[in-house]
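Worksheet: the structure to be examined is printed underneath.
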Amino acid sequence: MKATLAIVALLVLALSLTSEAIQVEENGLSFSLEAVKRLQELSENRAMTGQLNPRFRASPVSLCAEPMLPQELLPLCKQTGGSASLVRLAVVPIDVCEICAFAACTGC
């Protein structure tokens, strides 16, 4: 019984570590899948509340000013061309990335 419990615990731990290991690469930088998911949530929330121009899904300038933006994405706000990188990250297909079928996703 203890052995079965230990095996289940190890499997759960391995699964959680694997899901955190997925990285999304953009412009030579790597970001965790969780940070990209959070960026997409922020982008979608702003679009739904009408804070953005309807022609654009995400406004990089306003996203950089967002206090809930994951810290690991802040270096993009300071880079030349970082705005375009934020927009590209905001539209990464997360479901495809989770199974590592998207070229920008690694670490599966």
>> If DNA, RNA and ligands are ignored and the probe is 1.4 Å, what is the ranking of Arg46, Arg38, Arg88 by accessible area, most exposed first?
In response: Arg88, Arg38, Arg46
> Say each of Asp95 and Asn27 gets a label point 7 Å from the Cα, pointing the same way as Cα to Cβ; how far apart are those two points in nm?
Replying inline: 2.9 nm
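Hey, with R₀ at 22 Å, roughly what FRET efficiency would Glu34 and Ala65 work out to, going by the Cβ-Cβ distance, to 0.05?
Values: r = 21 Å, r/R0 = 0.95.
Result of the calculation: an efficiency of 0.55.
Could you order Val96, Val91 by accessible surface area, starting with the largest, using a probe radius of 1.4 Å?
Descending accessible area places them as Val91, Val96.
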> Could you give the Stokes-Einstein D for the range 62-106 in µm² per second, using the C-alpha Kirkwood radius, 10 °C, 1.306 mPa s?
Replying inline: 137 µm²/s
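The values are calculated or read from the model by the stated rules, or taken from the named source; none is laboratory data. From a predicted model like this one, the values you see are computed outputs, not experimental measurements. Cβ coordinates were reconstructed from backbone atoms using ideal geometry, including for glycine residues, and neighbour counts include every protein chain displayed. Protein only, heavy atoms only, side chains kept; ligands, DNA and RNA dropped before computing areas. Shrake-Rupley method; radii C 1.70, N 1.55, O 1.52, S 1.80 Å.
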